[in-house]
Amino acid sequence: MQRIRLRYTKRGRLRFTSHRDFQRAFERALRRSAVPMAYSAGFTPHPKVSYANAAPTGVASEAEYLEIGLAAVRDPEQLRAQLDESLPAGLDVIDAVEVRTPNFVERLEASEWLVRLDGVEPVEAALAVARFLAEEKVEVERRTKNGVRVFDARGAVAALEAVESQVDGVTDTAVGTDRDVRTGRACAILRLVVRHATPAVRPDDVLSGLRATADLAPPVPAEVTRLAQGPLDEESGTVTDPLALDRAAAPAG
Amino acid sequence: MTVESVFPRLEALLPHVQKPIQYVGGELNSTVKDWDACDVRWALMYPDAYEVGLPNQGVMILYEVLNEREGVLAERTYSVWPDLEALMREHDVPQFTVDAHRPVKAFDVFGLSFSTELGYTNMLTALDLAGIPLEAKDRTDEDPIVLAGGHAAFNPEPIADFLDCAVIGDGEQAVLDITEIIRAWKAEGRPGGRDELLLRLARTGGVYVPRFYDVEYLADGRIGRVVPNAPGVPWRVSKHTVMDLDEWPYPKQPLVPLAETVHERMSVEIFRGCTRGCRFCQAGMITRPVRERSITGIGEMVERGLKATGFEEVGLLSLSSADHTEIGDIAKGLADRYTEDKIGLSLPSTRVDAFNIDLANELSRNGRRSGLTFAPEGGSERMRKVINKMVSEEDLIRTVATAYGNGWRQVKLYFMCGLPTETDEDVLQIGEMAKNVIQKGREVTGQNDIRCTVSIGGFVPKPHTPFQWAPQLSAEATDARLAKLRDSIRGDRKYGKNIGYRYHDGKPGIVEGLLSRGDRRVGAIIRAVYEDGGRFDGWREYFSYDRWMACAEKGLAGTGVDVDWYTTRERSYEEVLPWDHLDSGLDKDWLWEDWQDALEEVEVDDCRWTPCFDCGVCPQMDTHIQIGPTGKKMLPLTVVNK
């Protein structure tokens, strides 16, 4: 069985797709594009797809990953293009490699997030970031199915900075075309790198932390985009490509 | 004038609502056309939640039929849940379409498809959110034409005040005809404003414009007559009938939502209409005659639809799917074609007498063999004669015996309670039938764990059926009868534990009855319920019987009539019914005779295989039965990609 790892996005309005919604859409795309899927054994066979670490509903992403098992060998790039074509615009398949190394999920050590805070002055955001980083521990609350849970949102943060608006155009591609109407209003942008830990610390939790330490209260909901997930380079605080190992392990020629 | 998308404003609200994906559009196979390049624009609404409305075949068909036309645009809109409604009101975001998020008010036509009367309050919510006056008389040339269709539109009188017009029957050709009338009127510079447009539509005889008809009442509250009040407007408005379904292979590109919906499958309507003649069934009466899609036409639609959607299941839809003249070959042909793709087949609405085990085996070949569902509708043989559901208990027992013998373990049976002339004894027979089914199942399989679930709904008399004159059973009497049945089933030591018992209480049925057979005076109740916060009446968690009754008392004050008058009262032959001026093709005298036959327990056969019994539809509508067999076969597909 050939296995392929794919990187896909959730862009623009399709960031409101829940993970379950995405799963159904993806499995239908597999059928439409007649990908020769391997099926699980059993009474109701399912196509072999495994998903890693899905971003929350409402959060955009440039770096989601999944793995599929095929019943026949396919060229990864062709398969990528075929699936991308078959999925709605916004759910885009942007990278594909043949699986050559194990333990992929363990390689997803951290995520890099871009947090757009409309109506917040960049100076104010920078100040809040400084206060947050000065703390060793920032306790935040999150409502879960089992009630309110309190945990530390600071420890998992490997990097946090207020950056200039319009960082290399990423926000623009990430939000789609019907959004260039925003004019004039103050807007702060944060770049955030968080280690994948238990309990998981989400960008939302870091925002709660900024509110707790520095009273930062954005007037409208933050727009969050996952830019990358993968191995964490602790020194530079950057996240690297998790598919690099598979690519490097490619047989010569 | 280009219309701006409300999406940027809506988007800010979405993080605060449940399941935001239902509001963002972008479904596979959806269409966004250039606003300025189109001169007639339709907003189509299914007035329920997205998860129910999206799979609706009617809306999907019209959406595609309209969008295929040059210069015509159609977008969809659904009811927003109360969480978003509150935010939209707070932030001044209007009712929008999910395709391009354009405000509904900007369209030429706001068309609503009513499968059920319980969507009426949702229509008012949508109108209000759209900024369109609730009542037609208050609208101006700035407002769209508000048009209703769907089965409930066969009696549009309760919502007459809120509608500019209604169309009854098949919509495919009708929406195109209306489009042309609107296009011509706009091209001429909108002479005479919306009144002139409505007049042009009314004069076709195929569009009902309530304001051009006056309703006169008698002293006792009954209707005296309904009279046209504008020149050239006909006394009666006809239903539309599409002949030759193969020429209308829609939907060609079914919508595939990202959000989860109630039906996740590729649906193909294999025929339209039904002449089995079940007397309670409005759908069977108003969609005559039977028009089959050919086996080859069905094969092409399934093939194209699966390619376009990636669905894993094909639903062969109709009012009684096993009645298609070539159903066996269709099921076998599809099962053969899609064995490798693991595509399941489903056949809703299977009659016991049309069922056979070969068919059932084909249907379950690529999927599970879970349960079989049948709808005897009446518990006793006598009751089934009254409703003309000619299925004997022996048929049913023989069928389930074969099914159990072939590996099925569960049978589900649907019934109604509150049918005309029904007694407690008739309903208690439902329990007996379930016991006999289990008994037979144990006998055939030699196992004890055989299950039979009975599911019971309250009967609501509907317009354009032989039961349109019948008294509806009160909510209290319905509940009492169902309680007796429950006790009798639960009390049975030998079978009780194997019988699943599901039923609905009688209250929602009374409101449905009020809205089904109501007249224009009921409009005040609907408005009062809406203003009091009534929404999503088809949903248990939102429906409030007490609110409906309180509003009815207020709304009907001074009319001399009340809810009982509309629901539990038996009508007489002479009475002018609120929907008499809407022509479904059925001869009223034939309906009356059929009602009398019902009372005398006389059955009537199906005109597909016996001579015509003069229901009136074919001569009145200039239509005829279109059935096979064609003798053609569904050939295997050429294998590609394998």
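Overview of results
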quantity	calculated
Sparse-neighbourhood loop sites, chymotrypsin sites (Phe, Trp or Tyr not before Pro) in region B:249-352 - DSSP loop, at most 11 other Cβ within 10 angstrom	none
Residues of type aspartates and glutamates that B:Lys435 reaches as a straight line, Cα spacing below 17 Å, ignoring anything fewer than 8 places off in the same chain	B:Glu377, B:Glu381, B:Glu393, B:Glu394, B:Asp395, B:Glu425, B:Asp426, B:Glu443, B:Asp449, B:Asp487, B:Asp492
With DNA, RNA and ligands ignored, accessible area of B:Arg521 (1.4 Å probe; Å², nearest 10)	40
Rounded percent of accessible protein surface that carbon and sulfur make up, the protein assembly as shown, 1.4 Å probe	49
Rounded, prolate or oblate (a/c below 1.5 giving rounded, otherwise prolate when a/b exceeds b/c) for region B:79-146 by Cα gyration tensor	rounded
Around B:Val146: net Lys/Arg minus Asp/Glu count, Cβ-Cβ under 9 Å	-1
Which of B:Met266, A:Met1 is most accessible, then next, and so on - probe 1.4 Å	A:Met1, B:Met266
Chain B, relative contact order in percent, only Cα pairs under 8 angstrom and at least six apart counted	14
Spatially proximal lysines relative to B:Lys332 (Cα-Cα < 19 Å; intrachain offsets below 8 disregarded)	B:Lys342, B:Lys632, B:Lys633
Prolate/oblate/rounded label for region B:137-178 (Cα gyration tensor, a/c 1.5)	oblate
Computed lengthening from B:Thr373 to B:Glu575, 0.36 nm per intervening residue step minus Cα-Cα distance	68.8 nm
Any cysteine of the protein assembly as shown lacking a neighbouring Cys Cβ under 4.7 Å - listed by number	A:Cys187, B:Cys38, B:Cys165, B:Cys274, B:Cys417, B:Cys452, B:Cys551, B:Cys607, B:Cys612, B:Cys615, B:Cys618
Average accessible surface area per residue within the protein assembly as shown, 1.4 Å rolling probe, Å²	41
Rounded accessible area of B:Met390 (nearest 10 Å², 1.4 Å probe)	70
Karplus (6.51, -1.76, 1.60) ³J(HN,Hα), θ = phi - 60°, over region A:125-135, in Hz, Gly and Pro reported as x	5, 4, 5, 5, 4, 4, 5, 4, 5, 6, 7
Per-residue ³J(HN,Hα) for region A:192-207, Karplus 6.51 cos²θ - 1.76 cosθ + 1.60, θ = phi - 60°, Hz, x for Gly and Pro	9, 10, 10, 6, 7, 10, 10, x, 5, 9, 9, x, 4, 5, 5, 5
Candidate residues A:Arg3, B:Arg293: accessible-area rank, largest first, probe 1.4 Å	A:Arg3, B:Arg293
Residue among B:Gly457, B:Gln468, B:Gly441 farthest towards the positive dipole end of region B:430-509, charges placed on Cβ	B:Gly441
Per-pair calculated FRET efficiency, R0 = 41 Å: B:Glu4 and B:Asn406 via Cβ, rounded to 0.05	0.10
Percentage relative contact order, region A:2-99, counting C-alpha pairs under 8 Å, at least six apart	49
Listed residues B:Asn67, B:Leu14, B:Thr2: farthest to the positive end of the dipole of chain B (Cβ charges)	B:Leu14
Average projection area in nm² (convex hull over Cα atoms of region B:308-452, one quarter of hull surface)	9.6
Anisotropy class of region A:1-109 from Cα gyration tensor, a/c 1.5 cut	rounded
Percent of C-alpha pairs per 10 Å bin, region B:84-211, short to long	12, 43, 36, 8, 0
Buried solvent-accessible surface, both chains (B, A), 1.4 Å probe, Å² to nearest 100	2400
Among B:Val227, B:Thr97, B:Val167 the positive-end extreme of the charge dipole of region B:7-235 (Cβ point charges)	B:Val227
Calculated FRET efficiency for the pair A:Arg149/A:His46, C-beta based, R₀ 30 Å, to 0.05	0.40
Most mobile of A:Asn103, A:Asn146, A:Asn53 in a GNM of chain A (Cα contacts under 10 Å)	A:Asn146
Alpha-carbon spread of region A:36-166, three principal axes, descending order, Å	55, 38, 28
Exercise: per-residue mean of other protein chain Cβ atoms within 10 Å, B:304-310	3
Solvent-accessible surface ranking, highest first, for B:Trp595, B:Trp609 at 1.4 angstrom	B:Trp609, B:Trp595
Viscosity 0.890 mPa s, temperature 25 °C, Stokes-Einstein D of the protein assembly as shown from Kirkwood C-alpha radius, µm²/s	81
Cα centre as origin, Lys/Arg/Asp/Glu Cβ charges: region B:230-366 dipole, Debye	700
Residue-wise HN-Hα coupling along region A:35-49, computed from phi with Karplus coefficients 6.51, -1.76, 1.60 (Hz; x: Gly, Pro)	6, x, 6, 8, 10, 5, 7, x, 5, 10, x, 10, x, 7, 9
Residue-level accessible surface for B:Glu269, protein heavy atoms, 1.4 Å, Å²	40
Average beta-carbon neighbours from other chains, 10 Å sphere, peptide B:15-27	5
Sum of -39500 (n - 2.57) over DSSP H runs of 4+, divided by residues of the protein assembly as shown (222 nm, nearest 500)	-9000 deg cm²/dmol
Qualifying lysines (Cα of each under 24 Å from Cα of B:Lys588; at least 8 residues distant if same chain)	B:Lys239, B:Lys385, B:Lys389, B:Lys462
Burial ranking of peptide ranges B:16-27, A:149-160 (average Cβ count within 10 Å, highest at the top)	B:16-27, A:149-160
Distance histogram for chain B (every C-alpha pair counted, 20 angstrom bins, percent rounded to whole numbers)	18, 53, 28, 1
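The values are calculated or read from the model by the stated rules, or taken from the named source; none is laboratory data. As the structure is a prediction and not an experimental result, all values here were calculated from the model. Neighbour counts run over all protein chains shown; Cβ positions are idealised from the backbone, glycine included. Only protein heavy atoms, including side chains, enter the accessible area calculation; ligands, DNA and RNA are left aside. Shrake-Rupley method; radii C 1.70, N 1.55, O 1.52, S 1.80 Å.
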